[in-house]
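My questions all concern the structure below.
The values are calculated or read from the model by the stated rules, or taken from the named source; none is laboratory data. The structure displayed is predicted, hence computed values, not measured ones. Virtual Cβ from ideal backbone geometry, glycine too; neighbours counted across all protein chains shown.
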């Protein structure tokens, strides 16, 4: 009994640490400063974990980008394209999903452009550019079948935009805590100020310990077990190198928010599962409720009452089961 309890405690602590590291951009691909051992170990560990269940890992040389993508290609399984958020690359963002979902689907895990190992010299920060690069990458891999598409946070907006541009290629859509249609810059800054941060950019990339603590309050269901010294290292090694490019991405979204609010994302035609943390302090549950109200015939809304902007980590088992049931129904 004691042995079982200790194993369970170790498992829960591992999940807490993983969520913390994911939230803090520990998988930076651009930092020129040597990473502390803990963070280098975490990235290596998450890569090793994903490759146990997803066969291929490659860099695609595209006309306008270099796209890093991990994928499986078994004829007997349908494809599930999984798009990560701004806080992580693909392998870290989906570390709690790959084992379970790979048993049912061919998983496709791209690093979005300007994240992880994917990059571009184009300086195009539109969501449409993200979609086009992924779509062209899939064609280059010979993946032409229709897909199920899932996205978390910024990846949720990217998934919805994929459905806007290529609705004939998507069977079912899953949006997890995504800033889709009913999200605004005013809402984002208001949420930031509720946790003591001046604007949403400094929640995405905090520059001070105060902003760091505000970010964790907004997005994490559990407290962050770290000393001030460790937090400062995270700020130095993993947030600071991303500050300029994340600001450009966020500024683009805010400057063009009317366009993204006016899209209907083909949600009136596409079966869509909306998954939200009820206490989400980054993209509030009101966005999910508004989407469900606007498209009641085609959307299902699943709310997890104790989760914040980390529902696919905090409630991974239930989320994974819901995803499988939704796609297979």
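Residue 170 - would you say it is buried (at least 24 other Cβ atoms within 10 Å of the Cβ) and either touching a helix residue (DSSP H, G or I) at 6+ places or on another chain (Cβ under 7 Å) or within 16 Å of residue 80 (Cβ to Cβ) (or both)?
Spelling it out, it is not the case that residue 170 is buried (at least 24 other Cβ atoms within 10 Å of the Cβ) and either touching a helix residue (DSSP H, G or I) at 6+ places or on another chain (Cβ under 7 Å) or within 16 Å of residue 80 (Cβ to Cβ) (or both).
With the structure loaded, tell me whether residue 128 is surrounded by fewer than 24 Cβ atoms within 10 Å (Cβ to Cβ), outside any loop (DSSP other than H, G, I, E, B), under 17 Å from the mean Cα position of the chain (by Cα) and touching a residue at least 12 places away in the same chain (Cβ under 8 Å) or whether it fails that test.
Yes: the conditions hold for residue 128.
For region 179-211, give me each residue that is under 21 Å from the mean Cα position of the chain (by Cα), part of a loop (DSSP other than H, G, I, E, B) and closer than 20 Å to residue 285 by Cα.
Across region 179-211, the qualifying residues are 179, 180, 181, 182, 183, 184, 199, 200.
Also: Only one of (1) closer than 21 Å to residue 70 by Cβ; (2) modelled with pLDDT of 95 or more; (3) in contact with a helix residue (DSSP H, G or I) (Cβ under 9 Å, 6 or more places away or on another chain) is not met by residue 145, so which one is it?
It fails just one condition, (2).
So, of the residues in region 52-61 that are surrounded by fewer than 17 Cβ atoms within 10 Å (Cβ to Cβ) and in contact with a helix residue (DSSP H, G or I) (Cβ under 7 Å, 6 or more places away or on another chain), which turns out to be farthest from residue 97 (Cα to Cα)?
Residue satisfying both the conditions and the ranking: 57.
Something else about it: The conditions are (1) in contact (Cβ under 8 Å) with a residue 24 or more places away in the chain; (2) surrounded by fewer than 15 Cβ atoms within 10 Å (Cβ to Cβ); (3) over 20 Å from residue 191 (Cβ atoms), and residue 306 fails exactly one of them. Which is it?
It is condition (3) that residue 306 fails.
Quick check on residue 225: is it within 26 Å of residue 312 (Cβ to Cβ), exposed (fewer than 14 other Cβ atoms within 10 Å of the Cβ) and in contact with a helix residue (DSSP H, G or I) (Cβ under 8 Å, 6 or more places away or on another chain)?
So residue 225 fits the description; yes.
Any idea how many residues of region 289-308 are assigned to a loop (DSSP other than H, G, I, E, B) and under 27 Å from residue 268 (Cβ atoms)?
Selection size over region 289-308: 4.
Please indicate, with yes or no, whether at least one residue in region 253-265 is on the phi > 0 side of the Ramachandran plot, surrounded by 21 or more Cβ atoms within 10 Å (Cβ to Cβ) and in contact (Cβ under 8 Å) with a residue 60 or more places away in the chain.
yes
Does region 62-79 contain any residue that is at pLDDT below 95, within 23 Å of residue 220 (Cβ to Cβ) and touching a helix residue (DSSP H, G or I) at 6+ places or on another chain (Cβ under 8 Å)?
No, the conditions are met nowhere in region 62-79.
Still on this structure: What's the number of the condition residue 221 fails, among (1) touching a strand residue (DSSP E or B) at 6+ places or on another chain (Cβ under 9 Å); (2) farther than 22 Å from residue 325 by Cα; (3) in a helix (DSSP H, G or I)?
Checking residue 221 against (1) touching a strand residue (DSSP E or B) at 6+ places or on another chain (Cβ under 9 Å); (2) farther than 22 Å from residue 325 by Cα; (3) in a helix (DSSP H, G or I), the one that fails is (3).
Given the criterion free of Cβ contacts under 8 Å to residues at least 60 places away in the same chain and either within 19 Å of residue 96 (Cβ to Cβ) or surrounded by fewer than 24 Cβ atoms within 10 Å (Cβ to Cβ) (or both), identify the matching residue among 285, 311.
When all the criteria are applied, what remains is 285.
What's the number of the only condition in (1) over 21 Å from residue 164 (Cβ atoms); (2) at pLDDT 95 or above that residue 221 fails to meet?
Exception for residue 221: condition (2).
Ok, one more. For residue 146, state whether it is surrounded by fewer than 16 Cβ atoms within 10 Å (Cβ to Cβ) and in contact with a strand residue (DSSP E or B) (Cβ under 7 Å, 6 or more places away or on another chain).
So residue 146 fits the description; yes.
Turning to a different aspect of this structure: Being surrounded by 24 or more Cβ atoms within 10 Å (Cβ to Cβ), more than 21 Å from residue 267 (Cβ to Cβ) and touching a residue at least 60 places away in the same chain (Cβ under 8 Å) is the requirement here; does residue 89 meet it?
Yes: the conditions hold for residue 89.
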